[in-house]
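No value in this document is a laboratory result; all are computed from the given coordinates. Keep in mind it's a predicted model, so treat the numbers as computed, not measured. When we count neighbours, we look across all protein chains shown, and the Cβ atoms used for this are built from the backbone with ideal geometry, even at glycine.
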Amino acid sequence: MLIHTMFPASRYSIQAQRCIRALKTVKADHAPPQLYTWRWKCSSAVTPRITSHYTICPRDKDPRWEGVEMERFADEADVVIVGGGPAGLSAAIRLKQLANEQEKDLRVCLVEKASQIGAHTLSGACLEPSALNELFSDWKERGAPLNTPVTEDVFSLLTKKYRIPVPMLPGLPMNNHGNYIVRLGHFVRWLGEQAEELGVEIYPGYAAAEVLFHEDGSVKGIATNDVGIAKDGSPKDVFERGMELHAKVTLFGEGCHGHLAKQLYRQFNLRENCEPQTYAIGLKEVWLIDEKKWRPGRVEHSVGWPLNRNTYGGSFLYHLNEGEPLVALGFVVGLDYTNPYLSPFREFQRWKHHPFIAKTLEGGNRIAYGARALNEGGYQCLPKVTFPGGMLIGCSPGFMNVPKIKGTHTAMKSGMLAAEAIFPKVTAKDLASETAGLHVPEYEDNLKKSWIWKELYSVRNIRPSFHNYFGLYGGMVYTGVFYWILRGKEPWTLKHAGLDSAQLRPAKECTAIEYPKPDGKLSFDLLSSVALSGTNHEGDQPPHLTLKDDSVPVANNLAIYDGPEQRFCPAGVYEYVPLETGEGMRLQINAQNCVHCKTCDIKDPSQNINWVVPEGSGGPAYNGM
Amino acid sequence: MSRVLVGVKRVIDYAVKIRVKPDQSGVVTDGVKHSMNPFCEIAVEEAVKLKEKKFIKEVVAVSCGPSQVTETIRTALAMGCDRGIHVEVSGKDYEAMGPLQISKIFAALAKKEEASLVILGKQAIDDDCNQTGQMTAALLDWPQGTFASEVTIDGETVKVVREIDGGLETIKISMPAVLTADLRLNTPRYATLPNIMKAKKKKIANMKPADLGVDMVSRVEVLRVDEPPTRLAGVKVETVDDLVAKLKANGTI
C-alpha cells in the first residue's frame with residue numbers, strides 16, 4: 001500500500017511497477033527508514049520523512065507514546081538563568097555578589113547545553129575590560145585569563161594580490177587601545193569558576209528545551225530536554241523526561257538567535273517596535289604558527305577580497321600571548337548576502353591564501369575550527385527585553401557593537417544590569433507583582449540609561465550605511481566622515497535591509513562562484529574542519545534541525561535557490577542527495593555534525609528550518625575558542 | 001550482603017580530536033572535553049541494575065586522579081551509585097599512572113570495603129590497555145569474568161557470557177569476583193538533572209594511595225608520543241598495465 005502512494009499507477013507501466021515492487025521487497029531490510037512514508041501531517045506523500053522531533057510531530061496523539069510516564073520532576077529556585085556565556089555568568093555572579101553583600105539567601109541556578117562551561121563559546125576575541133572591571137575590580141589577582149594586551153592594530157583593504165593599509169586613527173570604532181586579546185572559551189570557563197565559588201549552581205550538559213508558563217501567561221521557568229528518544233521519535237528504554245526548574249524570574253542568555261528567545265518574541269510580541277535582527281556568520285580557526293612569525297599582541301583586520309563590495313564581511317587575525325605561538329583568525333560574512341552560491345566557509349578558506357595572510361600561516365598547523373552566527377543589527381534591532389517572569393540578556397537581544405566588532409563587554413554589562421534590577425525585587429519580603437512571574441521593567445530602563453545604550457546609539461548608522469550602490473566603499477566613507485567626526489550624533493537613523501532570509505536572489509539570476517580546491521596546508525575541506533570542532537551528538541535521537549514542512553527544501557530551497565543550506569552551513573549538516581529510487585533529490589540532514597551556530601535558522605529562505613536544542617552535552621567541544 | 005566496587009575513569013571524550021603536546025611527552029589535556037570512559041558507564045549501569053534486582057546492597061564508585069575526577073564520580077552517583085571514593089593522585093604520579101597502580105589500589109579497596117564484586121570497564125579508550133581488570137583479579141586471587149556481555153548472579157556464583165574471538169563463551173565463577181564490561185552488556189542510562197542534584201548530597205570519601213599501602217612508582221617510562229603518520233594519498237590508475245607499471249616502479253613487485 002505504501003508503494004502505491006509513492007508511485008502512482010499512471011506514471012509507470014505494469015512491468016515497471018512489478019520491477020519496482022520487486023526491488024522494494026529485496027531492499028526492504030536495507031532501505032533506510034526515511035524511504036517509507038509515514039502518514040503524519042509533517043511530510044507530503046512523495047517526500048521521504050525527515051523530521052521526527054516532537055515539536056513538529058506531537059506526542060499526545062502518537063500511539064507509540066501511549067502509557068509513557070510524562071510527569072516531570074520540578075524544583076524551585078529564586079532565579080534561573082539559561083545559558084552559561086558571558087551574559088548569563090555575569091548576571092549570576094552579580095546576583096550572588098549582591099546576596100553576599102546584603103547577607104541574603106538567593107538560589108541561582110544556571111543551565112547550559114554544553115558539556116562544560118566554555119565548550120560552546122566561540123568569538124575572536126578582543127575584550128574591552130570595561131564590564132569586567134565593574135564586575136571584578138581585582139580580576140588580575142583572581143587569575144582572569146587576559147594575558148595578551150593589544151600592542152599593534154592593523155587594518156587592511158585587500159585586493160586579490162595586494163593590500164591597501166588603512167590608518168587606524170584613534171576615535172575609529174575598531175581602535176583597540178587598552179583592550180585584550182582573549183580566548184573567550186577560557187575566559188568564560190574562568191567566569192564559571194568564579195560563579196561556582198560564589199555559590200551559583202551551574203549545570204552544564206542540560207539544555208533548556210521548553211519555556212514554562214503560569215496560568216496568567218507569565219514565565220514560570222524552564223524545562224530541560226527529554227532524553228532517550230530514538231531517531232524516529234519513539235521512546236527508548238532509557239527515556240526520561242526533562243526536569244522543570246521554576247523561578248521567580250528567568251533570564252534568557254542563549255546567545256545570538258536563541259531558540260527559546262525566538263518563541264518568546266512571538267509569545268510576548270517583543271519585536272513589534274524594532275527592525276528584524278540581522279546577522280553575520282563568523283568562522284574561526286586557531287593556528288600554531290612558526291615562532292619567527294609570531295608577534296604577540298598584534299591585531300589585524302581586513303575587508304575587501306575575497307568578498308565583493310556588496311557583500312558585508314571581513315576578517316580578523318589576532319596573535320595570542322599565552323606561551324605557545326598561537327594565532328586566532330577568522331572570517332565574518334554578513335548573512336544579508338544575495339548570491340545563493342556564496343559559501344562563507346569557502347570564502348574563509350580562500351582568504352587565507354592572500355599573500356598578506358599566507359605569510360603568517362605558512363609552516364603552521366591548524367589546531368581548532370568552529371563557527372557561530374553573530375548579531376549585526378545593533379540599536380535598530382533591539383527588542384523589548386523584559387516580560388512578565390523573565391528577561392533577555394546578552395547577544396540574545398543583541399548588544400554587539402558591530403563596527404567595534406565587540407559584544408562581550410556589552411553582554412556582560414547587560415547581565416549585570418539585569419541582576420541589579422532583579423535583586424531588590426526577588427529578595428523583597430513582599431513580592432509585589434501583578435503576575436505570578438516577576439516583571440522587572442527596571443532592567444530595560446537601566447539599560448537605556450547605561451553606556452551600552454550610548455555606545456550602540458553612536459554606531460547605529462555604520463552597518464546600514466553599507467546598503468548603498470558603492471557597498472563597502474560607501475560604508476567606509478560614511479564611517480570616516482560621520483562616525484569619526486560626529487561620533488554618531490547625526491540626527492537620522494538608517495534602516496537595515498530587512499530579514500536576512502529574504503535577501504537571497506533566485507539561483508538563475510546569480511552566477512556560481514568558482515572556489516579553489518583546498519590545498520591541505522593553508523585551506524582545508526569542510527569535513528576535516530568539522531572533525532576539529534570536536535562536535536558530536538548522540539546518534540539515535542530525532543534531528544534537532546526540524547523542518548516545519550519536509551517537502552519545502554526540495555520544492556523551494558533547491559528548486560529556486562539551488563539549496564543554499566549546503567553552502568552556508570559551516571558543518572556540512574545539509575546535503576542534497578539523489579533519491580535511492582533514482583529520480584529527484586532529497587535533503588539529508590547530518591544532525592550529528594551540527595556546531596550550533598544557528599545560521600540555518602537565520603538564513604533559510606523558506607524560514608522552514610527551526611533549530612531546537614538537541615540532547616544536552618551534544619555539540620562542539622571547543623577549547624578556548 | 002554484598003557490596004560492589006565500580007571503577008570509573010575520566011578520559012578525553014571520544015569525539016574530540018587529540019593533539020600531541022609540542023614536547024612530545026603526551027597529549028594536550030588542559031581544557032579539553034573529558035567524560036566518563038564509555039566502558040565504565042556500562043560497568044556502572046550493570047552494577048546499578050544488579051542493585052535494582054536486589055542481588056547487591058550497595059554500589060561504590062571509585063576513581064583515581066586529580067580533583068576533576070570528582071565530576072566523573074558525581075555522574076556515577078547520579079546514575080545510581082550510593083557513594084563514591086576519590087583516590088587522589090596528581091602531578092607526575094597521575095601522568096605515570098597505569099593499570100598496575102590502579103589494580104593495586106582496587107585490590108586494596110576491595111579488601112577494605114569487603115566487596116563481593118569488582119566491576120570495571122574492559123578497557124579505557126585513552127590507553128586501550130585492557131589490563132586493569134585482569135591484574136586486579138590476579139592480585140586478589142579472585143576469579144575473573146572479562147568481556148562480559150551478560151551477567152547473571154545465582155546464589156554465590158556468577159554466570160558470565162564472555163565475548164571472545166570465536167563467538168560467546170559462558171563460564172560460571174564463584175564470588176567474590178572481578179568482572180569487566182564489554183559493549184553489549186547493557187545500554188547505560190542518562191544521568192538526569194534531578195539525579196545530579198541528588199548526587200550532590202551523596203558522600204565522596206577522599207583518600208591517598210599511601211593510605212591503602214600502595215606505591216605509585218611506575219615501571220614504565222614514556223619516551224615519546226607521536227601522531228600517527230599522515231596517510232599518503234592514493235593514486236588512481238586507468239588500466240591494469242598502469243597498475244602493474246606503478247607497482248613495479250614502487251618496488252612492490
Seminar exercise, completed: Classified through the alpha carbon gyration tensor (a ≥ b ≥ c as square roots of its eigenvalues; rounded if a/c is under 1.5, else prolate when a/b is larger than b/c, else oblate), the stretch A:421-536 comes out oblate
Exercise. What list of ³J(HN,Hα) values in whole Hz, one per residue of the stretch A:246-258 in order, does the Karplus curve 6.51 cos²θ - 1.76 cosθ + 1.60 (θ = phi - 60°) give from phi, with Gly and Pro shown as x?
Worked result: 9, 8, 6, 9, 10, 9, 10, x, 7, x, 3, 6, x
For this session: Would you kindly derive the ³J(HN,Hα) couplings of the stretch A:599-609 from the backbone phi angles with the Karplus curve 6.51 cos²θ - 1.76 cosθ + 1.60 (θ = phi - 60°), listing them in order in whole Hz, with x for Gly and Pro?
Result: 4, 5, 4, 7, 9, 3, x, 8, 6, 9, 8
Problem set entry | Around A:LEU545: net Lys/Arg minus Asp/Glu count, Cβ-Cβ under 11 Å | -2
For this session: Take the Cα atoms of the stretch A:527-584, build their convex hull, and give its volume per residue in Å³.
Result: 119
Exercise. What FRET efficiency, computed as 1/(1 + (r/R0)^6) with R0 = 56 Å and r the Cβ-Cβ distance, is obtained for A:GLU197 and B:LEU247, rounded to the nearest 0.05?
Worked result: 0.30
Problem set entry | Computed [θ] at 222 nm, helices only, for the protein assembly as shown once each DSSP H run of length n ≥ 4 contributes -39500 (n - 2.57) | -7000 deg cm²/dmol
For this session: Determine, for B:ASP165, B:ASP126, the number of other Cβ atoms within 10 Å of each Cβ, and report the residues in order from fewest to most.
Result: B:ASP165, B:ASP126
Exercise. Alpha carbon centre of the stretch A:505-562 versus the stretch A:422-481: separation in Å?
Worked result: 33
Seminar exercise, completed: Under 5 Å from the placed amide H of B:ILE85, counting only residues 5+ away or on other chains, we find B:ALA61, B:VAL62, B:SER63, B:ALA205
For this session: Quote the charge dipole size of chain A about the Cα centre in Debye, to the nearest 20; the model charges only the Cβ of Lys and Arg (+1) and of Asp and Glu (-1).
Result: 2240
Exercise. Roughly speaking, what is the centre-to-centre gap between the stretch A:331-400 and the stretch A:251-296 when only Cα atoms are used, to the nearest Å?
Worked result: 7
Seminar exercise, completed: Everything considered on the Cα gyration tensor (a ≥ b ≥ c; rounded for a/c under 1.5, else prolate if a/b is larger than b/c, else oblate), the protein assembly as shown must be described as rounded
For this session: Give me the angle, in degrees from 0 to 90, between the Cα long axis of helix B:69-79 and the longest principal axis of the Cα atoms of chain B, rounded to the nearest 10.
Result: 70
Problem set entry | Interchain or long-range residues, amide H under 5 Å from A:GLY389's placed H | A:VAL219, A:LEU438, A:HIS439, A:VAL440
Problem set entry | Environment charge of A:GLY323, counting only residues whose C-beta is closer than 14 Å and scoring Lys/Arg +1, Asp/Glu -1 | -3
For this session: Arrange A:MET585, A:MET391, A:MET70 by Cβ neighbour counts within 10 Å, fewest through most, would you?
Result: A:MET70, A:MET585, A:MET391
For this session: Would you tally the net charge around A:TYR312, using a Cβ to Cβ cut-off of less than 9 Å, leaving A:TYR312 out, and scoring K and R as +1, D and E as -1?
Result: -1
Problem set entry | Gyration tensor verdict on the stretch A:177-278 (Cα atoms; rounded if a/c is under 1.5, prolate if a/b is larger than b/c, oblate otherwise) | oblate
For this session: Express the C-alpha Rg of the stretch A:346-417 as a ratio against the empirical globular expectation 2.2 N^0.38 Å, rounded to two decimals.
Result: 1.58
Exercise. Out of A:THR338, A:ILE117, A:LEU527, whose Cα points farthest toward the positive end of the dipole of the protein assembly as shown (charges: +1 Lys, Arg; -1 Asp, Glu; placed on Cβ)?
Worked result: A:THR338
Exercise. Across peptide A:596-603, how many C-beta atoms of other chains are within 10 Å of each residue C-beta, on average?
Worked result: 0
For this session: Select from chain A the helices, each a whole stretch of DSSP H, whose alpha-carbon atoms run 15 Å or more along the helix axis and whose Kyte-Doolittle mean is at least -1.0; answer none if there are none.
Result: A:14-27, A:86-101, A:184-197, A:408-427
For this session: Using a Gaussian network model of chain B whose springs link C-alpha atoms within less than 10 Å, name the residue from B:GLY155, B:GLY167, B:GLY26 with the highest mean-square fluctuation.
Result: B:GLY167
Seminar exercise, completed: Under 5 Å from the placed amide H of A:ASN536, counting only residues 5+ away or on other chains, we find A:GLY619
Exercise. Can you give me the Cα centroid spacing of the stretch A:182-222 and the stretch B:26-43 in angstrom?
Worked result: 24
Exercise. Going by how many other beta carbons lie within 10 Å of each one, how would you line up B:VAL235, B:VAL244, fewest first?
Worked result: B:VAL235, B:VAL244
Exercise. Can you work out ³J(HN,Hα) from phi for every residue in the stretch B:90-101, in order, using Karplus 6.51 cos²θ - 1.76 cosθ + 1.60 and θ = phi - 60°, giving whole Hz and x for Gly and Pro?
Worked result: 9, x, 4, 4, 5, 5, 8, 5, x, x, 4, 5
Exercise. Once both axes come from the Cα atoms, what is the angle between helix B:240-250 and the longest principal axis of chain B, in degrees from 0 to 90, rounded to 10?
Worked result: 80
Exercise. Dipole magnitude of the stretch B:24-101 about its Cα centre, charges +1 at Lys/Arg Cβ and -1 at Asp/Glu Cβ only, in debye to the nearest 20?
Worked result: 320
Problem set entry | Calculated FRET efficiency for the pair B:LYS159/A:GLU66, C-beta based, R₀ 30 Å, to 0.05 | 0.25
For this session: Measure off 7 Å from each Cα along the Cα-to-Cβ vector at A:THR435 and A:ASN273, then give the distance between these two points in nanometres to one decimal.
Result: 1.6
